[in-house]
Each structure stands twice: as C-alpha cells, then as structure tokens.
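The values are calculated or read from the model by the stated rules, or taken from the named source; none is laboratory data. Bear in mind the structure is a predicted one, so any value in this text is a computation, not a measurement. In this analysis, Cβ positions are derived from the backbone assuming ideal geometry, glycine residues included, and neighbour counts consider all displayed protein chains. Accessible surface is based on the protein model in full, side chains and every heavy atom, while ligands, DNA and RNA are left aside. Shrake-Rupley method; radii C 1.70, N 1.55, O 1.52, S 1.80 Å.
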Amino acid sequence: MPHCIAMAENPLMRGLSVTREPAEFALVIFGASGDLTSRKLIPALYGLFRGGHIRAFKVVGFARRAWKDEDFRRQVAEMLESSSGHSPSPALVQEFLRKVFYISSTFEDAGGYRQIAERFGGEPGKLYYLATPPGEYETIIGRLGAAGLAEGPARPSQAGAVAFGEQPSPTAGRFCRIVVEKPFGNSQATARRLNDCLAGAFREHQVYRIDHYLGKETVQNVMVLRFGNGVFEPFWNSRYIDHVQITMAETLGVEGRGAYYEKAGALRDIVQNHLLQLVCLVAMEPPNDLHPDSIRNEKLKVLKSIQPLSPERVGTETVRGQYAGGIVEGGETTAYRQEPGVSPSSDTETFAAIRLYLDSWRWAGVPFLLRTGKRLARRTTEIAVQFKHPPHLLFPGLRPGPALANALVLRIQPDEGIMLNFNAKVPGFSLDMRPVNMDFSYGSSFADDPAEAYERLLLDAFLGDATLYTRADEVEAAWAFVDSIRESWQEARPPMRFYPAGSSGPEESRALPGEGRRWRKL
C-alpha cells in the first residue's frame, strides 16, 4: 500500500489522507562500510523501494575503503542477500543497485566533500546519515558546513541557541537534512556541545536525532491508544493508576562490543534514550495538534518534571547490577568481566532499575519503575500500566495484591500488541476469581506485518516529518536526569549487585517497586 501522510505529514495519521512520496533525493551514508549500514540501512532502503515508497533517489556510500561504484554495489548486493527481512527479487535488486554510488574518502579530507558537491550537489533533496562512531560526528558536520553542503545558517550561531518551530525553505521539493545516530553525547555537556556543532552548520528543523525504538509500531500506538479512544484517557492519572512499569530485557550479552559498553553501560545506553522516551509517551499531556513540535513540546515537559535523584536518594531509588556467569536459553555464558574488551574489575552496570517520580498534577505520587538489563531470563520490551484496586473489595476472601490488580500491557517486542488484564469469575458455584486477558496482536489483527523501525524512520526523514525524532532540548533534558544518577552513583558509591545470567536481575531489585508491588515476571 502506498505511504500516506496527513496533518503536518504526521505518521500517526497514515492511511487517512492522500498518497505522498518524497521528492528526488540523494542519501549520503557516512560510514557505509559499517555494521549499521549492512544490517539496518540498506535492507530498510530496499524495503521502501520494493514497497514503492521511494523511487527517484540515489544512495551514496561514503567511507575510507578504496572502492569504486561497482565494488560498493557488490557489497550492497551481499548485504541484501544476507538480510533476514527480505527475499530480494534479482530484477528488483539490479534496479536498486543502479541507484547506488560510492565515494572513497576519509572523513577529514575536504576532497571527499567536494565529490559530493560535484556528483550529487544538483539533487533537489539531500539527506546525510551519520552511521559512524560518535567520535566522527563533529568532523563530518564541520566539513559539510565548510563545503557549503549543509545549507544551514548563513551566520554563526550563538552557543546553545536553537530555533524550534522553524519552517523549511519554501522552495518546493528541495531539502537538506542530517540524521544523527545514538549515542548523542555521553552527558548533558557533550550533548550540548554536539548540538552547538550542529547549530553551526544546520538549522534545527534540518536535524533528525534518531532513536529507532520510536519507529516501532506499538510505541507509535501509545498516542493513538491514549488520544484516539475515549475509554482510556479519563483513567490515565494518579486517581486510578498505581504505578507504571517499563522494561527492556535482553538475553544477549555485549556480543563483542565490550570496549564500547565499558564507556556506556545500561544507564547511558538504554535509559537515557529508549526508556525515557517511553516515559514521555505514557506521561505526556494531549498535544494541541499533531505538528511534530506540538508533540515534542509535551514530551519535553515530562522530562523537565522528573525529580532528580540526589546522592541521599540514589540508594533507595536505584539498583545497578552486572551479570555473572549462568545459563541463558539452554547455553552456558560467561560473566561480563570475562567478556573481550572488558576490564576484569569493571564497575560498568549491565542492569539498571530506577524508581522515578514526576512533579506534575496528573502523576503526583505515581512511581514509574524502569528496568533494563543484559543476560536476563527473557527478551522483552513492554510498558505495563498497573491500575489501583477497587476502593472496596466486595467479594469475600479477596485480598489486595499485584495478582488481582488490573493492568494494561503494551508489548513492544517481541509479538507486538496490547493486552488488558482484568478479573473474571471462575465457572462454578463459588465466587472464585482469577485474572484473564483481552489480547490484541498486530500479527493476527492486520494482514500486513508492521514496517521495520528503520524503514519508517528513514521515510519520515525523507518526507520531513520529525515527529519520531528527538529535539535538541529533549536530548539535553534526558541527559540532565541521567547525569544526576551517574553523579550520585559516583558520590554515594552504591554497591554493584551481581546477578546470574538467565535470571530476572539482582535480588536487591525486587524491593524497588515498594510495598504491595512487584515486578512483572520475565
């Protein structure tokens, strides 16, 4: 089905308006020989091409390897062949490969950027994708600006100044944008420095900071569930909701990325972007409209309302852990400290659990419980909204507890869908009750499989829809909260809690939800 955009090209309204497709454009991928390009970007581009969502385009690989166009085309063909998401048609692949080009250059060499201008500068649309290590971002951004390829500010920007709600150039079909991958800095200070670097070459409406979790179908459905139905929103507040659990659990370890993970850890790698973005979607107020900045303004309010964690509170509101050896999915695994690239005395957390509160009218007193970890019992990402018990337990023999509390569960992965848990009478002569589920699954309710997250996000970038991308002030506000935890950990030095691989995390995390609450089972 053709891609559809409505209401300021908003993805939440797809399927309700006239068909749109991007103008002719060139996508320049910096770091084209890397893992992200082969596993995600090229398969996503081919998926969009195969589905008829993009037609007039060029894909330009930019990397150090001394390849020619034909060499890169062979690499792209191999990427598609090894991709699990598509069964490439030979004829369609050949048509796709004719749109693929390559520039061999270091990121520092101005000559490579001159080649972009000479070979592809006449394209109506240009999208630059930074699929490189974060240490290369500032170099590439600076070179794009110096070569006149950014088409951004004509004057030096003030440090930290960002213009929101800015509109693109009125020239029809022309655009120039840049996509920046995570991690976007490793603290508020470094994120601000990167934002300032971007502001020196691009305007804010040209910058797309990607978090691939926002491209997942169930994540987008949070807003539709809340604001597109009359049944949920009246109960979406502290009067009816006891707490919210957000979990991202992985069975995998660091998978050869030990050197990177040593500098990141679960807090920076997952909490700062994925989990806090989910908090925003659950807790935000209804926007005035579906304009990207209207939605992002409400998300920013949530981030600014999070209570920072002082050293005095960090011991009771957080648990950090690290996996030891164990059994995961029937296989024996090693401890984190024995992984390649990891220090034998590493103090990096592979598990983080946080209880946070929002200073807002809607959510006063409602704990948000965040949990993420590697080498856990099960791979799952979900949002569970746990409702309060009825004010009076009418039926005899019932006692309040987590097992009998109603819950609305949004499954983000795997098996995307939504489940409502409620109590029902067991057939028979007694008034015995037990929890039952009403379950919605994308796989069984719709004929088409959900689009891959990178397909959706790339198409939005081509179309100029920034709704699912994070804004400069959002990123800095998220880092402010994460920095408060990191600094408190450094000052208070809470103990590292070790947990066996294949478990639900450290034993100490079980008490974090508080009296009368418990984590959902992994």
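Before moving on, here are some points about what is shown:
- Values of log10 I(q)/I(0), in the order q = 0.09 Å⁻¹, for the range 401-522 under a Debye, Cα-only, solvent-free model: -0.53
- Within-9-Å neighbourhood charge of residue 247 [Cβ basis; K, R +1; D, E -1]: +1
- Carbon and sulfur %, accessible surface of the chain computed with the full protein complex present, 1.4 Å: 52
- Measuring between alpha carbons in the structure, the pairs from 40/388; 99/182; 216/304; 374/425 lying more than 32 angstrom apart are 40/388; 374/425.
- Taking every DSSP helix (H) stretch of at least 4 residues in the chain, weighting each as -39,500 (n - 2.57) and dividing the sum by the residue count yields a mean residue ellipticity at 222 nm of -8500 deg cm²/dmol.
- Under 18 Å from residue 263, Cα to Cα: aspartates and glutamates that are on another chain or at least 8 residues apart: 136, 181, 255, 339, 347, 349, 483, 487
- The range 420-475: C-alpha gyration tensor shape, a/c 1.5 cut-off, then a/b vs b/c: oblate
- Fraction of antiparallel bridges per DSSP, the chain only, in percent to nearest 5: 55
- Length-normalised contact order of the chain in % [C-alpha pairs under 8 Å, at least 6 apart]: 17
- The range 321-472, relative contact order [Cα under 8 Å, separation at least 6], %: 12
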